[in-house]
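Since the structure comes first, as structure tokens, the remarks are kept for the end.
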Amino acid sequence: MNKTKRKIFNTAIKLFSEKGYDNSSVEDITAIAGVAKGSLYYHFAKKEDIFDMMLNEGMKLLRNSIEIKTRNCKSNMEKIEAIILIEVKIMVEYEDFLNVVLSQMYGEEEKNKKCMQKVFEYIGLIENIIRDGIEQGEFYESDVEATASAIFGITSSSLVYRLKKNREVDVNRAYKGFIDNISRALCK
């Protein structure tokens with residue numbers, strides 16, 4: 001991605017996070033990015049294209065990180081631990097992206113449906129690990145969808161906590177707290 005496109009993209013994500021997608025105009029994006037409207041339209045046909053790119057690239061980063069980190073894990077609990085660590089780190093490092101996704105996943109508009117679909121696909125990765133853990137006798141029998149959603153919800157709470165306290169989240173402390181609770185709920 002060239003410098004101008006990156007600047008437009010990053011400015012849009014920041015604005016979508018701070019003002020909301022619907023309250024962020026092309027004019028706002030170009031004014032803050034310091035580029036002409038023509039530059040924006042050269043790189044993105046419309047504001048929705050920026051949103052789609054953000055959603056696809058962000059979720060791909062999350063999915064790829066998880067696939068890499070879980071590839072060599074010996075147990076399903078190790079995989080869950082790796083996922084939780086990645087989620088907390090990404091929640092902290094890419095706060096604006098996740099703020100947009102989480103705030104836009106409810107509603108009936110196309111962008112809402114896209115966010116919800118991406119989040120559900122991601123939660124599906126966690127569901128598969130939990131199913132494997134149950135089948136292999138590593139985890140208690142449980143409602144797999146509810147448990148996977150709870151894991152995503154618990155880690156998402158680190159973003160809410162950070163926003164509420166207006167301070168940095170201690171990734172290791174949050175990770176250890178989440179792991180303690182989740183391992184007690186999952187493991188036999």
Q) more than 18 Å from the chain's Cα centre (by Cα), over 23 Å from Ile182 (Cβ atoms) and modelled with pLDDT under 90 - does that describe any residue in region 163-170? A) yes
Q. When you go through (1) modelled with pLDDT of 95 or more; (2) within 13 Å of Ile80 (Cα to Cα) one by one for Glu135, which number turns out not to apply?
A. (2)
Q. Inside region 131-150, can you point out the residues that are buried (at least 23 other Cβ atoms within 10 Å of the Cβ) and either hydrophobic (A, V, I, L, M, F, W, C) or not in a helix (DSSP H, G or I) (or both)?
A. Phe139, Ala148
Q: Could you check how many residues of region 40-50 are in contact (Cβ under 8 Å) with a residue 40 or more places away in the chain and out of contact with any helix residue (DSSP H, G or I) (no Cβ under 6 Å at 6 or more places or on another chain)?
A: 1
Q. What number of residues within region 19-39 satisfy the criterion of being free of Cβ contacts under 8 Å to residues at least 40 places away in the same chain, under 25 Å from the mean Cα position of the chain (by Cα) and either closer than 27 Å to Gln117 by Cα or part of a loop (DSSP other than H, G, I, E, B) (or both)?
A. 7
(Q) If the requirement is being touching a Leu at 6+ places or on another chain (Cβ under 9 Å) and surrounded by 15 or more Cβ atoms within 10 Å (Cβ to Cβ), which of these qualifies: Met59, Met77, Met53, Met105? (A) Met77
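The values are calculated or read from the model by the stated rules, or taken from the named source; none is laboratory data. The shown structure was predicted, so the numbers you read here are calculated from the model rather than taken from an experiment. A quick note on method: Cβ atoms are made from the backbone with ideal geometry, for glycine too, and the neighbour counts reach across all protein chains shown.
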